[in-house]
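The values are calculated or read from the model by the stated rules, or taken from the named source; none is laboratory data. On a predicted model such as this, the values are computed, not experimentally measured, just so you know. For neighbour counting, all protein chains shown are included, and Cβ atoms are generated from backbone atoms with ideal geometry for every residue, glycine included.
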Amino acid sequence: MKRNKPARPPQQDRESENGVPTALQAILDGLPEQPGVYLMKDKRAHVIYIGKAARLRDRVRQYFHKSSDNRDFVPLLAGLVGDIETIVTNNEKEALLLENNLIKQHQPKFNVKLVDDKNFLVLRLDPSAKWPRLEVGRRIKEDGARYFGPYHSATACREALRVVNRHFKLRTCTDHVLNSRKRPCLQYQIKRCDAPCVFPIPVEGYQQQVDDVTLFLQGKDDELLSRLKARMREAAGKLEYEGAAAIRDQLQALEKSLEQQRVVATTFVDQDVVGLHRAGTTVELSVLFIRQGKLLGRRTFSFKNQEFPDAEVVSSFIGLYYDMSGFQPDEVLLPVEIPDAELKADWLREKRGRKVEVLVPQRGPRHDLVVLAGKNAQAEYESRRDHQEDAIEALGKLQRRLHLKRLPQRIECYDIANLQGQLSVGSMVVFVDGVPDKSQYRIFKIKTVKGPDDFASLYEVLSRRFRRAKQDDPGWAVPDLVVVDGGKGQLQMALAAAHDVGIPTGVGGIDMVGIAKPAESAQGEQKPDRVFIPKIKDPIKLRPNSAELFVLARVRDEAHRFANTLHRKLRRRRALRSALEDVPGIGAKRKRELLRHFGSLKKIKEATIEDLARAPGMTAAAAQSLFQFFHPPEDESVDENAEGGLDLLAGDAESADTDGDPTAGPDETEAA
C-alpha cells in the first residue's frame with residue numbers, strides 16, 4: 001500500500017479549457033493508474049469526499065470531465081476541491097476495506113456516514129458453555145458464539161427473547177448466579193427452566209433445547225416443528241405421556257406464535273432488501289430484514305448533502321453497513337445498479353464463508369420487496385420532524401443558485417393542456433415552504449384563444465391570475481416565485497402578462513423562471529433540465545440530484561399532472577355528452593336532467609321506456625325516441641365514443657373538475 005500525494009504547483013486562478021482550475025488539472029494529470037483510494041480535500045485541506053477505484057486516474061478524472069453517463073459534477077467539485085490525495089493498493093478489494101476505514105476516520109462531508117454499531121442489537125448464544133443461555137448484545141465478536149439479528153429496535157429484540165424464554169427451557173440467569181444459587185428460582189416454579197443450577201439434568205436434553213432455539217431464531221420453522229412432533233411421538237411411544245403432553249403444549253404455542261409472523265417471500269432464504277427515497281440532496285435508505293421468507297423488521301438511515309448519484313450512495317452505504325454488521329444474508333437486494341456489485345458480493349462471501357448474491361431485481365417477488373423497502377424509506381422521510389427543515393434548506397439553495405431576490409416561500413407553477421386546441425385548460429399549483437398546498441390549486445378554462453396556442457393560453461391564464469392579485473383578493477396573494485413549464489417563449493409570455501396587468505417583476509417585483517425538459521439525445525441519453533431566467537441569454541443547467549433541481553422539477557411535474565388530469569376528465573365528460581347530441585327531442589336542458597337523474601350514460605342506456613318517461617323534463621315521446629336510439633330494431637350498432645361505460649356522477653357537464661383536489665376558485669366559476 002503506497003500513499004501518493006502529487007506535488008501541487010503554485011495556486012493559480014486561471015482555468016483550463018474544460019473549466020477546471022489549472023492547479024487542479026495538474027493534480028489530475030499526475031494521478032496514478034493503479035487501484036486505490038482517493039481523498040478529495042477542500043481549500044482548507046479538510047477531507048470532503050473519499051472513494052475507491054480500480055484505476056485511480058480514470059475514476060477521479062470522470063468527476064471533472066463530462067462522461068458518457070452525463071455526471072455534471074464540475075460546478076460542484078471544481079470550485080470546492082483544492083487537493084486530491086491518493087493511496088495505492090494492491091487490488092480493488094484492499095481499496096474497498098481501506099475506503100470503509102478512512103470514511104469512519106475522517107467523516108467526510110459528502111460521504112454516506114453510519115453511526116457507531118451500538119444501535120445494532122443481536123442475540124448471542126454460546127454453544128460451548130455447559131448450560132448455554134440467550135442474551136442481548138450490541139457487538140459481534142469472533143468468539144465462537146452464535147449471533148442472531150441484527151434487530152431494528154430494542155423492542156423487537158426483546159420480543160424475540162421473550163418468546164424464546166416462554167417456549168424453550170433455557171436458563172435466564174447469569175453465570176455468577178448459576179454457580180452460586182442453592183435453590184430453584186421462580187422460572188423453575190412456572191416450568192420455564194429445568195434449574196440446571198440446582199438439579200442434575202441430562203445434558204443431551206438441554207442441548208436439544210439449544211438446537212431448537214437456534215432453529216427458531218434462524219427462521220427454520222418447518223424443521224423445528226418436525227423435530228418437536230417427532231420428539232412428541234417418541235415420548236408417547238415410550239408411554240411418557242406427561243412429557244409428550246408438555247411437548248404438545250409447546251408445539252401449539254409455537255404454531256400460534258409463528259402464525260402471527262408475516263410471510264413476504266416465497267423463497268425461504270435470508271435477505272436484506274434496501275429501499276431508497278431521494279428528496280433533493282437528502283437520501284433516506286431503508287433495510288428490510290427478511291429471514292426464511294418472513295419480514296422480521298427494518299432499519300432506516302438518513303443522509304444529507306448527497307449530490308452524488310444514487311448508485312454511489314448505495315454502494316458506499318453497503319460497504320459501511322456490512323463492515324459494521326456481523327450478519328451477512330444469502331441475498332442483498334438493491335434498488336439501483338452499483339458499479340462494484342461483483343466486488344461487494346466477493347467481499348461479503350469472504351466475511352460470511354458462504355455465497356452472497358448482490359442483486360437488482362427488475363420484476364417478480366424480489367422486485368416487489370424492493371418496492372416495499374422504497375415505500376418504507378419514503379414513509380420514514382415524510383414522518384421525520386426535520387423534513388420541513390430540509391425543504392427550507394432546499395429553498396435557500398434555490399434562491400442562491402437562481403439569484404432570486406427573496407426566499408421563495410410561496411411558489412406558483414403554471415402549465416397548459418389541450419388536445420389539438422380543443423378543451424384547453426391551464427393549471428396553477430401552489431407550494432408553500434416547499435410543500436404543496438392543494439387548497440390553493442386553481443384551474444382555468446381558456447376563453448379567448450382558438451387552436452393549439454400554448455403561448456397565448458399562458459398569457460391569458462397569467463393575466464387573469466394577476467388581475468385577481470391587483471384587486472387585493474385575499475385568496476390570490478402575490479407569489480415569491482412564478483415558474484412556467486417551458487423555455488424562453490413561455491417565460492416571455494409570463495413577463496408580458498405581468499407587465500400588461502401592472503405587476504412588477506425583476507428588481508422590487510416577483511421572480512419568474514421557466515423550466516424546460518430537453519429531448520433525449522440520439523444515443524438515448526437524458527440531458528439535464530434547463531432553467532431560463534429573464535435577461536440572461538443562456539439557460540442554467542442545474543446539477544443532477546441537487547436540491548434546487550428537486551424543488552423546481554417537483555413543482556413542474558405537479559402542475560403537469562394537475563393540468564393533464566383535469567383535461568382527461570373534461571374529455572371523458574365531453575365524450576359522454578356527445579352520445580346524446582344526436583337523439584331527436586333531447587336538448588341541452590333535458591340532457592343535463594337525464595345525467596343528474598340517472599348518474600351515468602350507462603344507466604340511461606339500461607333504463608326502460610317507463611323509467612325514462614319518469615325522469616324530470618321527459619315526455620312519453622322523448623322517452624320512446626331515446627330508447628329507440630340506443631336499442632335500434634335491426635340491432636344496428638351505435639357509436640358510443642368508447643366512453644359509454646364511464647360511471648360519472650351527475651352534474652353540470654360544463655363545470656370544471658379538480659380531480660378530488662380542493663374546491664374551485666373564482667376563476668373556475670367564471671370559466672364555467
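Computed quantities for the displayed model
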{"read-out": "Failed condition for N18, given (1) in contact with a His (Cβ under 9 Å, 6 or more places away or on another chain); (2) assigned to a strand (DSSP E or B); (3) modelled with pLDDT under 75", "value": "(2)"}
{"read-out": "Any chance S546 is within 20 Å of the chain's Cα centre (by Cα) and modelled with pLDDT under 80", "value": "yes"}
{"read-out": "Segment 347-383, residues that are among the acidic types (D, E) and either touching a Pro at 6+ places or on another chain (Cβ under 7 Å) or surrounded by 17 or more Cβ atoms within 10 Å (Cβ to Cβ) (or both)", "value": "E380"}
{"read-out": "Of residues in segment 89-106 being at pLDDT below 80 and within 11 Å of W347 (Cβ to Cβ), the one surrounded by the fewest Cβ atoms within 10 Å (Cβ to Cβ)", "value": "L97"}
{"read-out": "Residue within segment 607-630 that is out of contact with any strand residue (DSSP E or B) (no Cβ under 6 Å at 6 or more places or on another chain) and at pLDDT below 75 present", "value": "no"}
{"read-out": "Residues (acidic (D, E) and either within 13 Å of G280 (Cα to Cα) or modelled with pLDDT of 65 or more (or both)) located in segment 381-399", "value": "E382, E389, D390, E393"}
{"read-out": "Search result, residues across segment 313-350 that are farther than 19 Å from Q218 by Cβ, in contact with a strand residue (DSSP E or B) (Cβ under 6 Å, 6 or more places away or on another chain), of a type in the set (A, V, I, L, M) and not in a helix (DSSP H, G or I)", "value": "L333, L334"}
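The rows are residues; the columns are (1) modelled with pLDDT under 80; (2) surrounded by fewer than 18 Cβ atoms within 10 Å (Cβ to Cβ); (3) within 28 Å of Y381 (Cβ to Cβ).
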{"site": "A230", "(1), (2), (3)": "no, yes, no"}
{"site": "R248", "(1), (2), (3)": "no, yes, no"}
{"site": "L254", "(1), (2), (3)": "yes, no, no"}
{"site": "Q261", "(1), (2), (3)": "yes, yes, yes"}
{"site": "V264", "(1), (2), (3)": "yes, yes, yes"}
{"site": "L276", "(1), (2), (3)": "no, no, yes"}
{"site": "K294", "(1), (2), (3)": "yes, yes, yes"}
